[in-house]
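I have placed the structure first, in the form of structure tokens, so that the comments after it can refer back to it.
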Amino acid sequence: MRWFGFGFNAFQQIQASKNSENSGLDADKTRLSSPTELRGHVNKDGGYFELTQIRASWSRRAFLHLDEPACVCLEGSVNDSCREVLKRSCGCKDVFISESQITLAFPDRIECWDLQRNDDTPSWSMDTQSEGSAVSLPLVPGGYIASKSPFFHSLSPHMQAKSLALGGDHVILLTAAGAVYTWGQGSHGQLGHGALLSEEEPRTVEALWGMKMSSVSAGGWHSVCISDAGDLYVWGWNESGQLGLPSQNLRKISERKAHQQGELSQNSSTYQEEVFISIQAFPALLDVTPLCEVKAVGCGSRHTAAVTTSGDLYTWGWGGYGQLGHQSFSSLDEPQRVEFFRVQQLRVVGVECGPWNTFAAVTKEEGLAPEHPTKPLNKHGE
């Protein structure tokens, strides 16, 4: 499996290893609009460790490799505190990273390290030797790890949490039964309860009740989930089109550029009669593509990326750093396929988003599914 990254690169968190040859990447570039292949660290035989998992914060990219014992590596902003933690990561099975801390999951324990302090011991740790199930960070036995102090927050065992995603200031949780709960700040509708109120305790998203969900993800101020049937539901803030719904802000920007280029008269307007969504306080069904189901999704601060069962990657939302991968820095309020992977005959199998960048896991495939429309799709799949 190979990984590609695109978007914010001011700290070279996407750039290939300095030891790699022909990386094709200008180190001075702070934003990359075309997918660039990532490389792991060089191993003792002169080759590269295969990357098995990627987690991203604003200035860093953390990844595991398949070497035995597995260790965590970092690209981007790496200080002395980071280096000390990495020395202690051998045998790690999972990693979660934010700007302030890194959490390591070992077979027998969880360790949370403060990256702003050069300590000899973790800020928080937990023995998990007696736990029978594998840990899926940021979930840990009895609760979850937040991106800000205090790091550990408890959860009721009755919730039977399966996975959990952290947004800017909100949390979305998926239970083993497929129900979705949210809590935290709700000022942009990101909790999906129909109001712009905050919730201190987990509250079920009633609009999704009765439909089994298989995956959840959270952006800065928006949330998404995938149903067992492969349908994608979105809610929250749509200022940059991150919900894939019509955004008046993006249409105004587009029309302003057209005016500057003389393509529209000063008095013309193409969006006055359209219905725009600024905040979607209830989950809305989004047709990413009419031909395929969605199997994986990731959220950045203000953009979204979805992987379909056909092996295609669709992205939309804010693209100011090239994080949509369409070889431009434009934003989109409709899902659009990233053509790079289709052209290279690569099948996308997973996606991970940092706040302003995107990372896609791919495999080589000679016989991809038949072509889909390459133009952006509207909400009717047209």
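The values are calculated or read from the model by the stated rules, or taken from the named source; none is laboratory data. All figures in this text were calculated on a predicted structure; none of them were measured in a lab. FYI the Cβ positions are ideal-geometry reconstructions off the backbone, even for glycines, and counts take in every protein chain you see. All accessible areas refer to the heavy atoms of the entire protein, side chains included, with ligands and DNA or RNA removed. Shrake-Rupley method; radii C 1.70, N 1.55, O 1.52, S 1.80 Å.
Quick notes on this structure:
- Backbone amide hydrogens, once placed in the peptide plane, bring residue 163 within less than 5 Å of 174, excluding anything fewer than 5 places away on its chain.
- Förster radius 22 Å - calculated FRET efficiency between residue 291 and residue 344, Cβ distance, rounded to 0.05: 0.60
- Extension gain for residue 125 to residue 149 (0.36 nm times residue separation, less C-alpha to C-alpha distance): 7.3 nm.
- Charges were assigned to the Cβ only: +1 to each Lys and Arg, -1 to each Asp and Glu. The resulting dipole of region 152-289 about its Cα centre is roughly 200 debye.
- The C-alpha radius of gyration of region 219-258, expressed as a fraction of 2.2 N^0.38 Å, stands at 1.44.
- When the GluC sites (Glu not before Pro) in region 199-266 are filtered for DSSP coil states and for at most 12 other beta-carbon atoms within 10 Å of their beta-carbon, the remaining sites are 263.
- Residue-span extension gain [residue 282 to residue 2] - 0.36 nm each, minus C-alpha spacing: 97.2 nm
- In a DSSP loop and with at most 10 other Cβ atoms within 10 Å, the trypsin sites (Lys or Arg not before Pro) in region 85-128 are 117.
- Of 87/148; 93/212; 93/364; 87/212; 257/295; 257/364, those spanning more than 32 Å from alpha-carbon to alpha-carbon: 87/212; 257/295; 257/364
- Scanning residues 5 or more positions from residue 106 or on other chains, those with amide H under 5 Å from its amide H are 93, 111, with H placed 1.01 Å from N in the peptide plane.
- Between residue 50 and residue 365, the FRET efficiency from the beta-carbon distance, with R0 = 22 Å, is close to 0.80.
- Å² of accessible area per residue within region 196-335, as computed with a 1.4 Å probe and no ligands counted: 45
- Share of carbon and sulfur in the accessible area of region 303-370 stands at 50%, probe radius 1.4 Å.
- FRET efficiency for the residue 228 to residue 93 pair, using the beta carbon distance and R₀ = 25 Å, is estimated at 0.40.
- Extension gain for residue 59-residue 34 works out to 7.1 nm (0.36 nm per residue, less the C-alpha to C-alpha distance).
- Of the listed residues 337, 39, 251, 256, the order by accessible area with a 1.4 Å probe, largest first, is 256, 39, 251, 337.
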